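Bear in mind that the values in this text are calculations on the coordinates, not laboratory data. Computed from a predicted model, the values in this text were never measured in an experiment. Cβ sites come from the backbone with ideal geometry, for glycine too, and all protein chains shown count toward neighbours.
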């Protein structure tokens, strides 16, 4: 029995997926949305709970299933957050026209989550690649799910094309890796990985291309705005959080476990790329008029911030990256959730539609305040703590210039986040008719957003336990 | 009773402020109650001051009725008060003139409450300067006296009149006068402030008695400069501040405007007491702290004093505005005070020459007495100007004339007071001016001689003033109809009475006050 | 177990904010009353802390320490010393009077008071934080509510611009300090953010020389030091009255205080090296601020620049590195805080009624608003350093401190006193006295009882301190003593 515990979440996910598929035809059309959504969300939370209780990894990481997976805290923590993110997303997905009533969308969501879980704990090149594809393909479809909407179709298509291209690079890198070391197991690889040579660097580069796509890192970030804008908003949220985090999990594992010998080189490359990512993301976000695009560029920038922790090749650095991602998942999900909730009422994602939101829906506006300030890095929200820790790690290792770049970028970020809040709180609607246009709340949104908002605050104020969690993932890396 | 006797000076000092607080809570409409409360409240410090006078030990040296309480320990400043003959005289003057001025203010009808409160605050400010034995306390009260006077001139000063500033910008005369007064005096006290700070920093104390000893014992270098240089700079800082207040030519230009535009009682106090603050500063601080510098620059001081005497007299003579005439006469009279001080400075502290020392003492005594006397006569003169202004609403001498038959009592009082101002023997002015001249002659002969010229013109302007108001062809305008002049009334006579009495008494029998003054002078120098 | 009074002081406003957010936004009076109750409570607590602080013992008292994240050495460590106790009191006072003055806000008072209280929590937190991480935490909390408060309830013409400028400036300043602080954390090798421990860490001189400016000037931006003062006048003017009171009255002290706590106390050698530069910049603040104030025609801008000038005095006091200068700076923070709160309250009252702040257009306000006039005059006298009021008590020791270091600077700075007198007196005369322009006749209503209470309360504080300086200087002295030990060490 103990041998399946490491993949208990995945097994349960599979069961849930089948359940959804099977039950779907039995429900009437009008009930479907509710039932599907609650089933998925409830099921995911249940899986989360069960796994937390029984499927925790031991003190020492263990390679299981013939070395395909590694049962360690890194994988576990990320898995839990993927489950959480998927659950929240399914709550948001319920009210999306065209997707909320179809079992396929929920099934795809569950499949993607399954893939991500595998990504996080993969310890073998083949497994890794499989997992990445298992994650990506459902997501391609989900992005283009709204077949009637041109933008959605474009989004799905673009995503697929780029994804396919970059995963080809990734595969090529993996095959070279295998070719030169004769191993597919990640942990065995690192022993025989050649020390510095142009070839080794080339492999790193290829792998990096594939992974940069996943985490929307410069210079492979430019799919993100179009894809996020076109995809159904909850899907965009999911993409920007869980999918990105999964990518980071792989980066962490690969770069810290497999390529440490080249740390001196790739850390400089990553540092420069991170700086560029942050800068490009922030600067272009300044000019956006569409809130989803702005959030897309902001997500790109956040990938840059998170990377700083990895650049600071240390336990604190890895821990701070994980913590950052935790805070980021909550925050970005909240941000996209609010955009979903409001977008379906306003019918538009233009920032102008948000004028006077604070008078139409004060509660929603407050949550937006919390989410955006957390994105900006203001206390007492999780984003602040995440940023401080990441910068601390950088400074500890001497990457002061990088920390400064990060800080400067935060300042730019403050500007555009505050601008949106300005629209929400200061500006008035056309004709100042806010009272006549309230924003109706639906139960799933209310629950999801409340959970997220409280989470952002909790992580921002009582951050010790969460950091300890992140630290244990870092420990298991080295 | 013990408490009273033990804290006499503090009571005298703070009673006016407490009275002001009480008045704050009186209803603004009940003007009569406010006026009488203020009047009675201002008589209390006077009574206490007389008490102090009677109990003052003329044979003892040093300060009496001393009180010292901790106040601002962080900068080593304590609340230290005490009197000697010099300050007691001034305290008496202040506490005497305040009730008189308040009585004179009974004709003020606009915002009486605020007026009285400001007046009482002013009294505390002035008393504080005279009673202070701590430099910081001295400065605090020095500044406190400025703001009430600013508002008194500003709000209750003469309504007519405009001054044109640069670029044709016009400003009401009283606003101009009050602002000039404030800024001039504050600018002057800036130097004082800086010098006091320096002293405080150097000696870690502001206590006057101890500073007297230690400052003079200072040798060597200070702040990178030789002590003498630093002392010279500080000397001039002190001098400028006090010179503005006295006022000494050429720092006197604020005075004619301020005096002229101020309300009657304001002018009385301004000329009667505020100017003495400056002279007091010279005596209390400049001479004891800087005997050597004072001696060195005595000639310059004497020069300025003489300029004040002479130019003040000339300017006075040329005025057509009665009040302005009296204002310049203040410059003229205060010049004598400074002349006496300059003479004393010239002789210096440790001069062995007996005759010179005698002259020095006489000069100083004369100066202090002149302060007291001028206080009385100037207050009186301004009041009398006010009396005629109330009735005629003009101060222009050309509009008046030949009023004696209409207002004989007023005329008599005016002549009497003018004679005191002129220095008629038998009245107080003569005594003090004579002493100053007698004292200064052996020491600063040339300057004294020139000052005599001024004295001549003093007579000229006084007589001119009287002539234009009282004598000559009567201006029919004031003789009949609605403009018919009314005689001076009882209240006004009561205002003048104490002044007249004192003027006469001092003129005939000055010993009672000179004794007290003399003791102080001897102790100080 | 001692009552955790400091935690209660910090979290009361936050809790009150949450409470207020839950009230229905239509029930405006309940919102206001709740706010006032919370503010009064905080004021009472801060008075309690102030008066029960034992000056004889000195040092940090009312200590509370909760481990927050032992791995990095972060703890919620709270305590007051002689320098921060008056500032805690100041915050309580300004919060209390600010709520009173804001009684009339009719547009979404719920959000207004909620944000104001979040700001207050942040401010309290910085003053009593003895952990560097937590200090930053609270410092940042104090930044973003300002943006919303100014942008939403501020003066329509410039509020967006001023709010953004202010937020960006302050944020930049704080992150500059953050970098410095993080570097300090790692270099100390003590693996803790606890400031009491960091005080004892002897940072090498070369390190201090480079990093002191980061830390000091980063915070001093909020203190309004030249040339980073530019956000202040615009921010002051654009903000609604209570926010201006908070801004100039407390927030700028936050910057100066943090510069003291983190910069001077933790990097004393660096402070001594850089003191002359700080003195020079502060001198520019004092004189330049005064001159610029003189040419303003907007009533509120005069006060804004006057604040820049007076904060210069605080910085000047710090830069003297002498006990007496530091004492003066500590006193000046409190005295100026109260005075400027009073100024802005008075200006706000005039503006609410006349709807203009243009001095040439105003006049004769003393008749309908006598208390406002008197309060403003008292404030003006404090600003001039008139003896007998708190301003003199504060400025005098600062000057004494300057004398000990560089007399010529004292002389130049003293010039500003006369300039201040000039512009204040002129402003008073033009706005309150003289003839009232015809358009205002009959339109200037009287002030309400809340306004009166606020004004009188502030005046009493300024007068009491002026007459009885012993009400505050022993506290500040106790704080300075500790400071001098840190500075005096090798």
When Cβ neighbours within 10 Å are restricted to other protein chains, what is their mean count per residue of peptide B:196-204? 5
With bins 5 Å wide starting at 0, give me the P(r) of segment A:270-478 over every alpha carbon pair, in whole percents. 1, 8, 16, 19, 18, 15, 10, 7, 4, 2, 1, 0, 0
For every helix of n ≥ 4 consecutive DSSP H residues, a contribution of -39,500 (n - 2.57) applies; sum these over chain B, divide by its total residues, and give [θ] at 222 nm rounded to the nearest 500 deg cm²/dmol. -24000 deg cm²/dmol
What FRET efficiency comes out for residue C:460 versus residue B:497 if R0 is 56 angstrom and r is the Cβ-Cβ distance? Round to the nearest 0.05. 0.85
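Contact order normalised by length for segment C:5-488, with contacts defined as Cα pairs under 8 Å and 6 or more residues apart; what percent is it? If you can, show how the numbers build up before the last one.
Working: 872 pairs, mean separation 75.9, N = 484.
Contact order relative to length: 16 percent.
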So what is log10(I(q)/I(0)) for segment A:169-249 at q = 0.12, 0.16, 0.18, 0.24 1/Å, when the Debye sum runs over its Cα atoms only? -0.45, -0.69, -0.79, -1.08
Acute angle (nearest 10 degrees) that the helix C:268-294 long axis makes with the longest principal axis of chain C, alpha-carbon atoms: 10 degrees
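May I have the convex hull volume per residue, in Å³, for the Cα set of chain B?
Spread over its residues, the Cα hull of chain B gives 154 Å³ apiece.
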Per DSSP helix of 4 or more residues, -39500 (n - 2.57); summed, then divided by the residues of chain A. What does that give at 222 nm, rounded to the nearest 500? -24500 deg cm²/dmol
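Do me a favour and compute the ellipsoid semi-axes for segment A:62-118 from its Cα gyration tensor, root of five times each eigenvalue, largest one first, whole Å. Intermediate values should be presented prior to the final figure.
Details: eigenvalues 168, 29, 4 Å².
Rounded to whole Å, the semi-axes are 29, 12, 5.
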Where does each of B:228, C:52 land when they are ranked from fewest to most other beta-carbon atoms within 10 angstrom? C:52, B:228
Could you state the angle between the C-alpha long axis of helix C:5-22 and the longest principal axis of the C-alpha atoms of chain C, as a value from 0 to 90 degrees rounded to the nearest 10? 50 degrees
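Averaged across the residues of C:178-187, what count of C-beta atoms belonging to other chains lies within 10 Å of each residue's C-beta? Spell out each step's value before the answer.
On the way: counts 8, 7, 0, 3, 9, 5, 1, 3, 6, 1.
For peptide C:178-187, the averaged partner shielding equals 4.
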Working from Cα positions, state the angle (0 to 90°, nearest 10) between the long axis of helix A:464-477 and the longest principal axis of chain A. 30 degrees
Value of Rg/Rh across chain C [Cα atoms, Kirkwood radius]: 0.95
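Where does each of C:148-156, B:307-315 land if you order them by average Cβ count within 10 Å, highest first? Before the final figure, lay out the partial values.
Working: C:148-156: 22.3, B:307-315: 23.9.
Highest mean packing first, the order is B:307-315, C:148-156.
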Sites residue B:73 and residue B:446 - FRET efficiency at Förster radius 60 Å, r taken between beta-carbons, to 0.05: 0.75
If one puts a single equal scatterer on every Cα of segment A:214-362 and applies the Debye formula without solvent, what log₁₀ I(q)/I(0) results at q = 0.10, 0.11, 0.12, 0.19 Å⁻¹? -0.37, -0.44, -0.51, -1.08
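What is the projected area of the convex hull of the Cα atoms of the protein assembly as shown, averaged over all directions, in nm²?
Details: hull surface 246.8 nm².
For the protein assembly as shown, the mean projected area of the Cα convex hull comes to 61.7 nm².
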Once chain A is represented by equal point scatterers at the alpha-carbon sites, with solvent omitted, what log10 I(q)/I(0) does the Debye formula produce at q = 0.11 Å⁻¹? -0.83
Measure off 7 Å from each Cα along the Cα-to-Cβ vector at residue A:151 and residue C:106, then give the distance between these two points in nanometres to one decimal. 4.0 nm
In which sequence would B:123, C:160, B:476 go, from the one with the fewest C-beta neighbours within 10 Å to the one with the most? B:476, C:160, B:123
Order B:181-191, B:385-395, C:326-336, B:489-499 from most to least packed using the mean count of other Cβ atoms within 10 Å. C:326-336, B:181-191, B:385-395, B:489-499
Could you please state, rounded to a whole Å, how far the C-alpha centre of segment B:165-207 is from the C-alpha centre of segment C:86-125? 38 Å
Could you work out the Kirkwood radius for segment B:461-519, taking every pair of different alpha carbons, averaging 1/r and inverting it, reported in Å? 15.0 Å
Multiply the residue separation of residue B:354 and residue B:21 by 0.36 nm, subtract the distance between their alpha-carbon atoms, and state the gained length in nm to one decimal. 114.6 nm
Just for the Cα atoms in segment B:290-491, what are the lengths along the principal axes, largest first, rounded to whole Å? 69, 29, 24
What is the average number of partner chain Cβ atoms found within 10 Å of a Cβ in B:144-152? 3
Between Rg and the Kirkwood Rh of segment C:369-490, both from Cα atoms, what is the Rg to Rh ratio? 1.11
Separation in nanometres of the label points that stand 7 Å from Cα toward Cβ, at residue A:464 and residue B:159: 7.5 nm
Among A:417-428, C:353-364, the order from most to least packed when residues are scored by Cβ within 10 Å on average: A:417-428, C:353-364
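Calculated FRET efficiency, residue C:3 and residue C:452, Cβ-Cβ r, R0 25 Å, to nearest 0.05? Walk me through the numbers on the way to the answer.
Numbers: r = 34 Å, r/R0 = 1.35.
Using R0 = 25 Å, I get an efficiency of 0.15.
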Which value at 222 nm does chain C reach when only helices count, each DSSP H run of 4 or more adding -39,500 (n - 2.57), with the total divided by all residues and rounded to the nearest 500 deg cm²/dmol? -24000 deg cm²/dmol
For the pair residue A:50 and residue C:157, the simple spin-label estimate (label points 7 Å beyond Cα toward Cβ) gives in nm 6.8 nm
At 0.36 nm per residue, minus the direct Cα-Cα distance, what do residue B:36 and residue B:300 gain on full extension? Give it in nm, one decimal, please. 90.3 nm
